[in-house]
């Protein structure tokens, strides 16, 4: 796996994926705090100060570095508005496997932006970081997220029940391998 210490923003037809900066925290906090968004996310703290602190902490890593997630803010190329965020992390301790995550603000959902952003991130993981596989995890009930994974060529590789005390929820793991892309 390679580390990208000279990251340049990733551009697609409609989007720019750039490293998240502390000034993004207010917007990211607003949509991640929406109950319909938050129930699908792994972020426990969605207040502005916590989001800002997480962005600062993640900014210390380069894409491909071990130790946690690297966050990217997704911007509309035309107007420069924040439409969501995506992230990647090594799937430690597995070698050459990247995990991706994605959130699009509710007012921008349904336009294929998550698919466009994640397709670009998958290409980046293969081409720049040298990953052999890219994975996405989701709640088994999060059909929009599952559709994004499938549209970028990921295949279901695992269904699993997760327990937290008396609470049980079901998750899925999707993956695309370099030789399938």
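You can think of it this way: the chain between residue 47 and residue 5 has 12.2 nm of extra reach, that is 0.36 nm per residue less the Cα-Cα gap.
Site pair residue 161 and residue 26 shows an inter-label distance of 4.6 nm when each label is modelled 7 Å from Cα along Cα→Cβ.
Compute log10 of I(q)/I(0) for region 85-158 with the Debye formula, placing one identical point scatterer on every Cα and leaving out solvent, at q = 0.23, 0.26 Å⁻¹, to two decimals. Evaluating at q = 0.23, 0.26 Å⁻¹ gives log10 I(q)/I(0) of -1.08, -1.32. Computed over the chain, the per-residue total of -39500 (n - 2.57) for DSSP H runs of n ≥ 4 gives a 222 nm mean residue ellipticity of -7500 deg cm²/dmol, rounded to 500.
Given the C-alpha atoms of the chain, compute the convex hull and give its volume per residue in Å³.
Values: hull volume 21.7 nm³, N = 181.
Considering the Cα atoms of the chain, their hull volume per residue is 120 Å³.
Distance from the C-alpha centroid of region 38-113 to that of region 124-166: 14 Å, rounded to the whole angstrom.
Read-outs: derived from the displayed coordinates by stated rules, not from any lab. What you see is a predicted model, and the numbers here were worked out from it, not measured in a lab. Reconstructed Cβ throughout: ideal geometry from the backbone, glycine too, with neighbour counts over all protein chains shown.
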